[in-house]
Amino acid sequence: MKNVLITGVTRGIGRACAVTFAKAGYRIAAGYSNSASDMRSLMQELAALGAMAMPVCCDIADASSVDRAAETIISTLGGIDVLINNAGIAHYGMLEDTKKEQWQRVIDVDLTGAYNSIHAAIPSMRSRGGGAIINVSSVWGIYGGSCEAAYSAAKAGIIGLTKALSRELGPSGIRVNCIAPGVIDTDMMSSFTDEEKLELIEKTPLGRLGRAEDVAGAMLFLASDQASFITGQALEVGGGFPY
């Protein structure tokens, strides 16, 4: 039985990912920073599936916090086979109106947070003879999003990190890929009006918003033996958005 560490697991894509991997027989290390009530709900859902799961509280932007979390996971479950760097935040606004601390916070969580998790997980993966790292980027990391410069920059950095590490870690049997979701109907879209959502649907060739389960399914594939010869890729899961 393999172990997967998923960051940002309490809602949206992270939660769908935890459920999807649990159904596939993985043991779940569920990383979160707050939302204790959401975590309790998730643990109950995973227990009902018969999955072994452990909550792991840490600040993804704090390297020492992530290191401690990784040590706990390794001592409890025996190691990390799959790492999914899903935790992230966004900031919407013109660059000239974006304060330095707002910019830095997005970079710290979305990009440096991925570095922190990968740095902590690599020794375990090496000792287990390999593994899979799946980073969550965004279509804005590929195309850029107006009024989302910090987010776009961080997510573009995720793609560069993925490609670099695929070369660096390939000889150790560690595959590194990333998912670039399009418009996914999660809590992050709660501020969008129905009219704004319709506009996004009209820009999506498949004619609907994405579901968290769409992304989770792609992650499960990239973690599986079916993807054993795939590394260094940025897979868009967005229904063709932007069109």
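For LYS23, list the lysines whose Cα falls under 21 Å from its own Cα; do not include residues on the same chain fewer than 8 positions away. The qualifying lysines are LYS2.
Measuring gaps between exposed loop sites in the chain (trypsin sites (Lys or Arg not before Pro); DSSP loop; at most 15 other Cβ atoms within 10 Å), the longest gap, sites not included, is 100-202. For Cα extents along the principal axes in Å, the listed values are (1) 51, 42, 32; (2) 58, 41, 30; (3) 47, 38, 35; which was obtained by calculation from the structure presented? So the calculated entry is the one marked (3).
Which lysines have a Cα less than 23 Å from the Cα of LYS100, not counting those fewer than 8 places away in the same chain? Qualifying lysines at Cα under 23 Å: LYS155.
Protein heavy-atom accessible surface, 1.4 Å probe, per residue over the chain: 48 Å². Comparing VAL109, ASN34, HIS91 along the charge dipole axis of the range 33-117, the residue lying farthest to the positive side is ASN34, per the Cβ-charge model.
The values are calculated or read from the model by the stated rules, or taken from the named source; none is laboratory data. These numbers were taken from a predicted model, which means no experiment stands behind them. Heads up, the Cβs are rebuilt from the backbone with ideal geometry, glycines too, and the neighbour counts pull from every protein chain shown. For the accessible areas, the whole protein counts, side chains as well, though only heavy atoms, and no ligand, DNA or RNA atoms are used. Shrake-Rupley method; radii C 1.70, N 1.55, O 1.52, S 1.80 Å.
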